[in-house]
Structure formats: C-alpha cells, structure tokens
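Derivation of every value follows stated rules applied to the coordinates shown; laboratory data play no part. These numbers were taken from a predicted model, which means no experiment stands behind them. For neighbour counting, all protein chains shown are included, and Cβ atoms are generated from backbone atoms with ideal geometry for every residue, glycine included.
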Amino acid sequence: MVKVECIIRPNRVSAVKDALSDFGVHGMTVTEVIGCGLQKGHAEELGWNTELNINLLPKTKVETVVPEEKVREIVAAIIGAAKTGEIGDGKIFVSPVTEAIRIRTGETGNAAI
C-alpha cells in the first residue's frame, strides 16, 4: 500500500476527486492548507501607497492510500487533473504504508482501503 499526498490549487480539487474516482479511489482526506514554494506568494495593494506581501497561499491537500500496483496510474491521473502549466500547480508525495486497519470490521491491508 502507498500513501499519495498532493498539494494542489483549491480550484482543481473537484477535477482531482473525479480523476481518483475513475480509478475506484473513494476514500480520501481533503484539507485546506496554506503554504509556499516556487510561487513565493504575491503582493496585494491595500490602499494608497500601501502594499502587503502575502507569502503563504491557500492550497488544498488531498491524501489517499492506494494499492501499490495502481500508484503510477493514479499519480498520472492526478497530474492530468491538477496541471495548469503555471507555477503553483503543486506537488505529489508518495510514501509507503506498512499497514491499514478498518476500525469497524477489523479488515487489514488492501481490504481496509
């Protein structure tokens, strides 16, 4: 099992959710976050000769755990759904998961995800 975690633009969440659903991924956690990367924020004009630098931008984190054999396809689907070609499209992190347990039934491994 593998955890796929992506930090994406908030307006791309629906497209990513649909792309994951096409691969049978229905369990995910979606969190509103703020952060910075290459985009480095932006400046906002507050009024007459006043500017505010915003370093942390709103992003959305989508996390899911999937079977290892589906990772490449799922990552490609996320990229296809989240990519705009502009700085700030986000990042995807893939990490191993040693165990998953469904609390209600006690199922483990792939059956639990």
Check: the chain dipole with +1 on Lys, Arg Cβ and -1 on Asp, Glu Cβ, in debye: 160 debye
In degrees, nearest ten, helix 13-22 long axis to first principal axis of the chain (Cα): 20 degrees
For a label point 7 Å along the Cα-to-beta-carbon line of Lys70, residues of the range 1-25 with backbone N under 16 Å: 1-6, 16-25
Net length gained if the chain between Lys91 and Thr105 were fully extended (0.36 nm per residue, minus Cα distance): 1.7 nm
Residue among Thr105, Gly37, Ile8 farthest towards the positive dipole end of the chain, charges placed on Cβ: Thr105
Residue exposure sequence - Lys17, Lys83 - by fewest surrounding Cβ within 10 Å: Lys83, Lys17
5 Å binning of all Cα-Cα separations within the range 2-112, expressed as whole percents from 0 upward: 2, 11, 19, 20, 15, 12, 8, 5, 4, 2, 1, 1, 0
Note, ³J(HN,Hα) from phi for the range 106-113, Karplus 6.51, -1.76, 1.60, rounded to Hz, x at Gly and Pro: x, 4, 10, x, 4, 5, 7, 9
Inter-label distance, nm, simple model (7 Å from Cα along the C-beta direction), Thr84/Met1: 3.4 nm
Calculated from backbone phi, Karplus (6.51, -1.76, 1.60) coupling profile of the range 60-69 in Hz, x at Gly/Pro: 10, 9, 10, 10, 8, 10, 10, x, 4, 5
Proxy reagent accessibility, fewest Cβ within 10 Å first, across Asp89, Asp18: Asp18, Asp89
